[in-house]
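The values are calculated or read from the model by the stated rules, or taken from the named source; none is laboratory data. These figures come from a predicted structure and were not determined experimentally. All Cβ positions, even for glycine, are placed from backbone atoms using ideal geometry, and neighbour counts span all protein chains on display.
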2 protein chains.
Amino acid sequence: MKMSAGVEWAVHCCVVLSQADGPVPAQRLADFHGVSRTYLAKHLQQLSRAGLVRSTEGRVGGYALTRSAEEISVLDVVLAIEGREPAFRCTEIRQNGPLPATGEVCRRPCGIARAMYAAEDAWRASLAAVSVADLATGVEEDTGAQTFVRLRGWLATG
Amino acid sequence: MKMSAGVEWAVHCCVVLSQADGPVPAQRLADFHGVSRTYLAKHLQQLSRAGLVRSTEGRVGGYALTRSAEEISVLDVVLAIEGREPAFRCTEIRQNGPLPATGEVCRRPCGIARAMYAAEDAWRASLAAVSVADLATGVEEDTGAQTFVRLRGWLATG
DNA sequence: CAAACGCGGATAGAAAATGTCTGAGTTGAT
DNA sequence: ATCAACTCAGACATTTTCTATCCGCGTTTG
């Protein structure tokens, strides 16, 4: 059970975008994080389809958050990249074999699936409690108040 | 982010084993659940290596739980099959690019990784709170008290 | 010894993740 | 109007993982 590396990229990009004044091109985001531009572009498009970022085309285009960083949770980003499918997929093997569970019982998910879904709900709740703004605050606490000043400078001049 | 289908098989097998009197062969477990014997055998070997089940070789061999079903959590089974690696793998891209995070800061994981790990801890805690015995109780509640009687009968005669 | 069983490795196809490339369309500047 | 920079969508290639099968080997019981 592994999460795509694109999730890490996308969350980092959202933190950067939360500090930017205008649209930031994919090229710039890729350079800043030292990752492939073309592949990052895929993930940014997923964020765009999910409505988390807006893309502006043309000469001075790029990506910008569609709402304030307080209103974007880590869960939003994870779901945009990983999809909304639960990690556990019940194949109803209780209906197989010589003693299959019958129709009426199977109206609700089996106990195993319920336990798995409950755990995923707890996971999602934990991720929903952290916003991109929280992450940005954490970066400043970890690395100093000058970090985002330098970031904005690099984004402007680069 | 998807969980292997083997997890579902393995948990179902543990519930069956919790109701068995003696060792149950892989062939029997596969027949009961209507899945491939050779592939299920792989997962049973993983459970064995993780110490959740004991295998008896030879003519009347098979698998049996090593401890009581109360003492085996769903998390134990999931970790045995999926491995103990966290789903989120931080590649430290904050150390890349024109403004890399420096060594001292990177002594502890970045805020993004911390949020991800916290969510996985919540997920694990939820799974750890459910035992195989709880699942067996749930099956009886869902399908009636005769279910496991019939199961034991099929295991004995089959 | 033969039959039933678990164990480990080798193998292979399918699916998904990862990464690249190209062409079309859009926008601002000259 | 033209050009350059940029996004977007999709096609394509590569690599890894999942799923599944098979075989040989050692073990145990009858």
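Annotations for the structure displayed:
- The set of residues from region A:51-79 being at pLDDT 95 or above, among the small types (G, A, S) and surrounded by 15 or more Cβ atoms within 10 Å (Cβ to Cβ) comprises A:A64, A:A69, A:S73.
- B:S68 among the small types (G, A, S) and more than 11 Å from DNA strand D (Cβ to nearest atom): yes
- Of all the residues in region A:21-32, those that are surrounded by fewer than 20 Cβ atoms within 10 Å (Cβ to Cβ) and more than 8 Å from DNA strand D (Cβ to nearest atom) number 3.
- Filtered residues of region B:56-90 (kept if under 20 Å from B:A133 (Cβ atoms), acidic (D, E) and within 13 Å of chain A (Cβ to nearest Cβ)): B:D76
- When residues in region B:80-96 are screened for being surrounded by fewer than 19 Cβ atoms within 10 Å (Cβ to Cβ), assigned to a helix (DSSP H, G or I) and in contact (Cβ under 8 Å) with a residue 12 or more places away in the chain, 1 of them pass.
- Restricting region A:116-158 to residues that are more than 9 Å from chain B (Cβ to nearest Cβ) and among the polar types (S, T, N, Q) leaves a set whose member that is surrounded by the most Cβ atoms within 10 Å (Cβ to Cβ) is A:S131.
- For B:Y39, the stated conditions hold: it is farther than 30 Å from A:A145 by Cβ and surrounded by fewer than 19 Cβ atoms within 10 Å (Cβ to Cβ).
- When region A:116-133 is filtered for residues that are part of a helix (DSSP H, G or I), over 13 Å from A:P86 (Cβ atoms) and in contact (Cβ under 8 Å) with a residue 12 or more places away in the chain, the ones remaining, listed by number, are A:L127, A:A128, A:V132, A:A133.
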